[in-house]
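The values are calculated or read from the model by the stated rules, or taken from the named source; none is laboratory data. Since the structure is predicted, the reported quantities are computational estimates derived from the model, not experimental observations. Because the Cβ atoms are built from the backbone with ideal geometry, glycine has one as well, and the counts that use them run over all protein chains shown.
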Amino acid sequence: MSSRSIGQGTCPKCGRRGTLVIKTLGGGYYAYYRHGRSWCYLGPLNKVYDEVRKSLDPNYVEEFDGFVGRVRMGLNESVTSVFSWIGVIRMGIMYLLILGITFYILLLMALIVMYQDPPLFLLVGRILDLINNAISLVITYMYIYNGFLELSKIDKTYGLGFGGSLIRLIALLSLIVFDSIVLAINVPAITGYAIKDVIGAVIVIAWALIFTPIYRLSNAFNAKPTNVGIIIAMIGYALDLVPGIVLIGAPIQFIGEGIIVHGLGKLPVSRS
């Protein structure tokens, strides 16, 4: 049997001050309050969670939430490594956000300058798209793919994220090849949009897989803003697939990604 002291509080069983201790036995977690040499047994943690949480002093509630989050996610003392790699993934999402905003502004500027010359604007747009996808490929590989690769070695629940990042890499590579072909030969606009919409739908699916383990992790640690950001970002990605409203979908996507980056930054780095 192993045990972990969480913090000070008022025992809900006897009303005395004491230290909350969680003991592990046979894969189960049991809550106790220690009062010097005497103990009060409260019950299995999953059944007394609410009253135990309320009994703690406010400055120990976050520590308790972190512990419960690790239990729910099946994490152990490797949690430090988990959050380290989550930090790497967060950096990747942040860099993709900065990249997206930069190229969105460049595209708007090109639209304003070249609105009277649609063929030139279309050419510039394709070149910007090609460069954007190439840089996105590198960022995705360096941060998101490698981050989930290491996380999946620690905990298999992150396998979805790894699979999603791999699919995103393949889809981005496909877009780069396609954009290069489009620039080299005259591909009909309708055909080009149809192919890019199919690849775009694959990328949306990839993001859904990437965000699933992050959503679960945020739930475990009560980081609800991150999950709100995920929902907003997914709406933005989906709107990007609708012809004619790309300029609307992108800002929604940026807002969602910004909230995700902010929310992941609030997760604890270590609970040891």
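Points worth noting:
- As a summary of the residue check, Thr157 satisfies the conditions (1) farther than 23 Å from Leu247 by Cα; (2) buried (at least 19 other Cβ atoms within 10 Å of the Cβ) except for the one numbered (2).
- Checking Trp85 against (1) free of Cβ contacts under 8 Å to residues at least 60 places away in the same chain; (2) touching a Leu at 6+ places or on another chain (Cβ under 7 Å), the condition it does not meet: (1)
- In region 167-179, the residues that are touching a Leu at 6+ places or on another chain (Cβ under 9 Å) and closer than 18 Å to Phe211 by Cα: Ile167, Arg168, Leu169, Leu172
- Given (1) among the hydrophobic types (A, V, I, L, M, F, W, C); (2) at pLDDT 85 or above; (3) crowded, with 17+ Cβ neighbours inside 10 Å, index of the condition Ile170 fails: (3)
- When region 1-51 is limited to residues that are touching a Ser or Thr at 6+ places or on another chain (Cβ under 9 Å), small (Gly, Ala, Ser) and surrounded by 14 or more Cβ atoms within 10 Å (Cβ to Cβ), the one that is nearest to Asp65 (Cα to Cα) turns out to be Gly7.
- Residue check: Gly200 meets all listed conditions (1) within 20 Å of Leu122 (Cα to Cα); (2) surrounded by 19 or more Cβ atoms within 10 Å (Cβ to Cβ) but one, namely (2).
- Some residue of region 223-235 being of a type outside the set (Asp, Glu), part of a helix (DSSP H, G or I), at pLDDT below 90 and in contact with a helix residue (DSSP H, G or I) (Cβ under 6 Å, 6 or more places away or on another chain): yes
- Any hit, region 79-90, residues being surrounded by 15 or more Cβ atoms within 10 Å (Cβ to Cβ), at pLDDT 90 or above and more than 21 Å from Lys266 (Cβ to Cβ): no
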